[in-house]
Every structure is written in C-alpha cells, then in structure tokens.
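Notes follow once the structure below has been shown.
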Amino acid sequence: MMQCPPARRCAVPPALTVKPRLFRHLLLTLVLLALVLACGYAGYRLSERVGIRALAENGERQLELNARAVESEITKYNYLPSLLELNDDVRRLLQTPSHYRRQRVNDFLEGLNQRSASLATYVLDTSGRVLATSNWRTPSSFLGEDLSFRAYFQDAVQGKPGRFYGIGSTTGEPGYYLAHGLRQGERIIGVAVVKVRLDALEQRWQRARLEAYVSDENGIIILASSPARRLKAVQPLGPNTRERLARSLQYHWWALEELQPLARTPLGDGIEQVSYAAPDGDGQAINYLEQSRPLADTPWRLTLLTPLREQRRAAISYALLGAGACALLIVLGLALNQRRKVIATRLAAREALQQANNELERKIAERTADLSASNRRLTAEIGERRQTEAHLRQTQDELIQAGKLAVIGQMSTSIAHELNQPLAALRTLSGNTVRFLQRGALDVAGSNLQTIGELVDRMGKITASLRAFARRSDDHGQADLDKAVEAALMLLQPRLQRTRVAIQHEHAPARLAIDQTRLEQILVNLIGNALDAMAQQTDRRLWLSGVADGANYRLEVRDNGAGIAPELRGHLFEPFFTTKPGEQGLGLGLTLSASLATAAGGSLGVRHPESGGTTFVLSLALLASPPRPGIPP
Ligand code: ADP
C-alpha cells in the first residue's frame, strides 16, 4: 500500500480518477434506460387497462343488443305451433287419420310454412310419428317418420313447451325446433312442430364483423359467426354425456370436438381474456375479451368475443409514446441540468472576475493612496527644493553681487589709477588749451580739445563696463561672445597695457545661452587670473579659442603662466581659496564663474597642459544665429 505523509496530498493516478466518472456515467445511463423502459411499461399497462375497460363497456352493450336480437329471433316463432290447435283439419287428422285429411293438412302446412318462412312445419301423433308435414312433396319428407326420440317431442307430449336445437335426422339440416302439445280439452292428442332456421343471426354477425356464438344447454355451440366454431363443445364432455348426445342424435353424427382456449386469464369484473389458436392454423394465438350472458326463455348463452389485437396495438403505441415522452423529459432534464451547470460556471467565473476586479480595485486604491502620499511628499519636497533653490539663487545672486563688488574693490586701485591718469592729462591739457587760446594758437587748442574728448570717451567706457559688471542680471539671457570678449578686455585694458600681453583670438562669433553681463564677468575673472599668473614673467601670451561642439560651444582661456601646483588643483573652485597675497585675492572669482556657468546650463573646467600654463574651459549651450559673412562658423 502506498502511504502518504499527512501534510502532503497524494497525486491520484489519472486512470483512477477517470474510472469512477465512467462508472457513474454508465450507471446513470442504465438508470435512465430503466426509467424509459418503466415509463413505456407503465404506458402500456395504463393503456391496456383503460382500453380493456372501454372494450368491456362497449362489449357489454354489444352483448345486450345481440342477446335481445337472438331472443327476439327465437321467440318470434313461439306462437306458431300453438296456432295449429285452432285448425279443425289438424284436430280431425289427429283424432281420426285418413289420407284425405292428411293431404288437406299437408297442403295447409305447406302454405303456412311458406308464409312463416320456416324450414318445416309438421304434426306428430302422440306416439311421435309424423302425420302431416309441410315438406310432403320433397324426397326428404318427414312423413311417417318416428320422431319420438326427439326431446322436443317428449317435452311437448307432456304439455311442456318443446325447445330444441338440433340437426335434422332426415335432412341433416340444423334448425331450431319449437314443439307444442295440441290439446283436445285436457288431453294432448298430438304435437305440432315448427323447425326454423337461425342462420340469419349468423349472417348478421358476419356482416357486422362480430365474433359471437350461442352455446346450448349441453355447452355445444349451435350458432357461431365463424363456421369453424359451429358444433364445438365449449366445455369438456364426459363419456356419459357424449353417449347420451349420440343417442339423441341431436347433433346428428357430429364429432363434437372441444373448443378449448389456449389460455384463460381473468381480468376482473367477470371479464375474461381468452386466447384461441388462429383459424388459419399457423399456431398463432389470438386474444379476445370474452363476455357472455344467458338468453331469456332458453338455457342458452350468448358469448361475445372482442379481439384485443387493436387494443394491444394501441397499448404498444402508448407504451412507445410513454417511453418517448420519458426520454424527451430526460433529455430536457439533462439539457436543463447542463444549462444550470453552465450558468453556475458562468456565475462562478463572473464572481471570481468580480473578486479579482475588487482585489485589483483595492490594490489600485492602495497604490493610488501610496502614490498620492508620495505625490504629496514629492510636491512638498519640490516646494522645499524650490524654496531652497530660490533661497540658493538669492544667496548665489548675493554672492555674485558680493563677488562683483569684490572684483570691483580689487580693481578699484587700478581703476582709480586708470581714471586719475586721464584726469591728470585732462587737467594739464585743459590748462594748456586755455593758454593756447589766449595766445591765439587755435589749431593746437583744437587738437588738445580733441584729445580731451577722446580721454572722456575712454573714461566713460571704463565706468560703463564697471556698471554693467556690478548690475544684477538673470540666468536666461543671451550673449554675443565677441561683444563679451571685447567688454572684458575693455575692462581689463589698463592692466593689459601695463603688462603687455600678447592676446591670440581663435574664436568664431557665437550666440551663447547666458546673460551677456555674466559671460563678461566670467571672462574678466578668467583673463584677470591669467594676467595674475603671468605677472612674474616677461613673455606673456593669452589664447582665447572657441569651437562649436555639437549643441555646445567650448571657449578655452589659456595662458602660459606659472600654472597651478598639483596639490592645489583640487581646491581651485572652493570659495575663498586664493594664493594671492594680502588684499589682492578674495578666492571668489572661480567659484562665482563656475556657478554662473552652471546656472546657465553650462560648465567651467580646468586643464593643465604639459607644455605649462593653465587652460580654463567654459562650455555653454550654443543658440542658433545667422552666420556672419566671411567668418567661418
Ligand atoms: P583669487 O583670484 O581672488 O585668488 P580665484 O578664485 O579667482 O580667487 O582664484 C583662486 C586661485 O586659483 C588663485 O589664487 C590662484 O592661485 C589660482 N589660479 C587661478 N587662475 C590661475 C591661473 N590662470 N594660473 C595659475 N593659477 C591660477
């Protein structure tokens, strides 16, 4: 046996899972089949019961009708033999027989027989001999025959009505004999007999397709719709009875075979189902509903046989109908069940979907809440950053401003020097001009005045540059590189002249994404530093080279100065880092320049060329500008 650990479920082999389902389906099919058969059987039984009851009721009516017909047929001749009592010729013949009287009675009986449509009418004396008969002319005439053995004679001669069905001993013709004792006062002097045929009844039954027979007191069928049943015994005849009947010649020499049914089944209410072998003798049994009743005034019975063939067919039809209806109901039930299952599956799927949906919605709500919280956090952070940035910008602006002022302060000596020089020259020139005017040397005075004008222009330029440098500006301006270089050099002009620096311009015109003043300020810082670095040497060279690099523009400010000691290179952009002695350096120039470049979306870096000196690289976004004719981009 396979053992499973309790914590784990054993995997059931597929064959074992399929078999019970197969078995269940097989069992269900068998049960449904049995149900269909049961419905069919029930339909059959019900239809059989109802059909037999209907047949029995109909048969009962038919039996009654036909019994009345038989009774009226056999009683309509009852009075006929007694009429002969009224005839004088008959009475005289019985009292004193003579040839003449016999002939007269013969003629009378012949006429009477013709009119009453009976088979024969004849008169017997009390010994049973036929004295006169209607069939006196025929070769099979009864005349002179002794019929004392006939039961009807024996009854009639005793004053009882003689009723008898038998086969004529002379003619061999079956008939119904009605005999009456003819009286003379109290005494019976003879017997009148009328033999009638009853085969009209048989013909009527045949025409109506009725199966019926009349059996007499001996149980012998005397009238039957089917000739095959005629003169058959409906009950077993003992040897004594057979001998008695043979002697009476009632049925002539007929063998009197027994008409025994193959089977007899009581159906209740006095009705019986009987089976007879088919008349064509192919061994097939035919089932009948048998109903019988005694006939009034006779010891006879009328039996009606109603074939059950049609009813059986109807029952089979109902059985098929029942089975079909049951099968239909089962199919309908199965279909409904299947539909219910499909609906249940759909509902379950919908429910699962709804649950998944709800779960999803819940998760979305959770995530949304998370996101909202993050969003709020981010918004708050952005707000803080903006605030910090604004604060920073403000600080930066202030720093820039402080840097500018520092630069201005730093340059104040040289500015004062630069302004004092022209001022002194102006004073001297103006004094000279006055003297030259007093002497009338107007051309010299004019030339002096022109020089004075040039000096004033130059002073104006210096103060304009300073004002522009000190002015606050924004981060999103545009700058013309050439103009900025020109302005920076203008600002540094006094130092440049003093130190005699060879400046090499290798830059193309460009429009850069930075405020004009800020670019000028950066250039003033970088060129100023370069001048400081070259202060101790005699060969001073400055390169200003620029090149477009994709969307950016790279401007390099290179000098051939002393360069920067390797251990100091990491501190260059730190605020207040300076190597300049005393009041000369504040250590803000590079810091401010780098932050101005970064604020404009660019950068400021440094390179230390092998050949010596220092190169500062200013990188800024290049704005589209129409190229100037003659100048390569
Ligand atoms: P400051 O000029 O007030 O000292 P800066 O920030 O402009 O402040 O420069 C910081 C230091 O960087 C200077 O003191 C100097 O030592 C060094 N430096 C700047 N530019 C150059 C250069 N072109 N060559 C050599 N050293 C330089």
(request) Mind putting a number on the dipole of the range 484-582 about its Cα centre? Charges go on the C-beta only, +1 for Lys and Arg and -1 for Asp and Glu, and I need it in Debye to the nearest 20. (result) 240 debye
(request) Quick one: which residues, 5+ away or cross-chain, put their amide H under 5 Å from the amide H of Leu223? H built at 1.01 Å from N. (result) Val214
(request) Treating cross-link reach as a plain straight distance, find the aspartates and glutamates whose alpha-carbon is under 20 Å from the alpha-carbon of Lys363, omitting any fewer than eight places away in the same chain. (result) Glu351
(message) Given the whole protein assembly as supplied and a 1.4 Å probe, what does the accessible area of Ile167 come to in Å², nearest 10?
(response) 10 Å²
(request) Using only Cα positions of the range 207-247, each an equal point scatterer, no hydration layer, compute I(q)/I(0) via Debye at q = 0.23, 0.25, 0.35 Å⁻¹ and quote the log10 values to two decimals. (result) -0.74, -0.83, -1.17
(message) If I stretch the segment between Asp480 and Ala117 completely, what's the gain in nm (0.36 nm per residue apart, minus their alpha carbon distance), one decimal?
(response) 114.7 nm
(request) Please list the non-local residues whose amide H lies under 5 Å from the amide H of Ser545, H modeled 1.01 Å from N, same-chain partners needing a gap of 5 or more. (result) Glu506, Glu556, Arg558
(message) Run the simple label-point estimate for Glu310 and His25 please: 7 Å along Cα→C-beta, distance reported in nm.
(response) 4.8 nm
(request) Please name whichever of Gly546, Ile364, Ala192 sits farthest to the positive end of the charge dipole of the chain, dipole taken about the Cα centre and charges placed at Cβ: Lys and Arg +1, Asp and Glu -1. (result) Ala192
(message) Largest first and in whole Å, what are the equivalent-ellipsoid semi-axes of the range 27-160 based on the Cα gyration tensor, each being the root of 5 times an eigenvalue?
(response) 62, 15, 13
(message) At R0 = 25 Å, how high is the FRET efficiency between Ser140 and Ser248 if r is their beta carbon distance? Nearest 0.05 is fine.
(response) 0.80
(message) Projecting each Cα onto the charge dipole of the chain (Lys/Arg +1, Asp/Glu -1 at the beta carbon, about the Cα centre), which of Thr121, Pro227, Val214 comes out farthest on the positive side?
(response) Thr121
(request) Work from the charge dipole of the chain (Cβ charges, +1 for Lys and Arg, -1 for Asp and Glu, about the Cα centre) and give the residue of Thr29, Ala315, Leu249 farthest towards its positive end. (result) Leu249
(request) Note the direction-averaged projected area, equal to a quarter of the hull surface, for the Cα convex hull of the chain, in nm². (result) 80.0 nm²
(request) Note down the magnitude of the dipole of the range 100-159 about its Cα centre, charges +1 on Lys and Arg C-beta and -1 on Asp and Glu C-beta and zero elsewhere, to the nearest 20 debye. (result) 200 debye
(request) Can you check what the net charge comes to around Arg346, using other residues whose Cβ is under 13 Å from the Cβ of Arg346 (Lys, Arg +1; Asp, Glu -1)? (result) +3
(request) Please compute the net charge surrounding Gln291, taking Lys and Arg as +1 and Asp and Glu as -1 over other residues with Cβ under 12 Å from its Cβ. (result) -4
(message) If I take R0 = 51 Å and measure r between the Cβ atoms of Val342 and Arg386 in this structure, what FRET efficiency does the formula 1/(1 + (r/R0)^6) give, to the nearest 0.05?
(response) 0.25
(request) Starting from the Cα-Cα distance between Arg393 and Leu360, subtract it from 0.36 nm times their residue separation and give me the gain in nm to one decimal. (result) 7.3 nm
(request) Kindly state, as a whole number, the per residue volume in cubic angstrom of the convex hull around the alpha carbon atoms of the range 206-355. (result) 196 Å³
(message) What FRET efficiency comes out for Leu442 versus Arg500 if R0 is 35 angstrom and r is the Cβ-Cβ distance? Round to the nearest 0.05.
(response) 0.40
(message) Can you tell me the orientation of helix 14-75 relative to the chain, as the angle in degrees between its alpha-carbon axis and the longest Cα principal axis, to the nearest 10?
(response) 30 degrees
(request) Quick one: what are the phi-derived ³J(HN,Hα) couplings along the range 293-300, Karplus 6.51/-1.76/1.60 with θ = phi - 60°, whole Hz, x for glycine and proline? (result) 8, x, 9, 5, 6, 9, x, 8
(message) With +1 assigned to the C-beta of every Lys and Arg and -1 to the C-beta of every Asp and Glu, and no other charges, what is the dipole magnitude of the chain about the Cα centre in debye, to the nearest 20?
(response) 820 debye
(message) If I compute solvent accessible area with a 1.4 Å probe over the protein chains, what percent of it on the chain is carbon and sulfur?
(response) 56 percent
(request) Subtract the Cα-Cα distance of Thr241 and Tyr41 from 0.36 nm times their separation in residues, and report this length gain in nm to one decimal. (result) 67.3 nm
(request) Could you order Cys39, Cys326 so the one with the most accessible surface comes first? Probe is 1.4 Å. (result) Cys39, Cys326
(message) Output wanted: per-residue J couplings in Hz (rounded whole) for the range 513-522, from phi through Karplus 6.51 cos²θ - 1.76 cosθ + 1.60, θ = phi - 60°, x for Gly and Pro.
(response) 7, 7, 4, 4, 5, 5, 4, 4, 4, 4
(request) Determine the calculated [θ] at 222 nm for the chain from helices alone, applying -39500 (n - 2.57) to every DSSP H run no shorter than 4 residues and normalising by the residue count; nearest 500 deg cm²/dmol. (result) -18000 deg cm²/dmol
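The values are calculated or read from the model by the stated rules, or taken from the named source; none is laboratory data. Given the structure is predicted, the values throughout are model-derived calculations rather than measurements. Cβ coordinates were reconstructed from backbone atoms using ideal geometry, including for glycine residues, and neighbour counts include every protein chain displayed. Note: areas computed on protein heavy atoms with side chains; ligands, DNA, RNA excluded. Shrake-Rupley method; radii C 1.70, N 1.55, O 1.52, S 1.80 Å.
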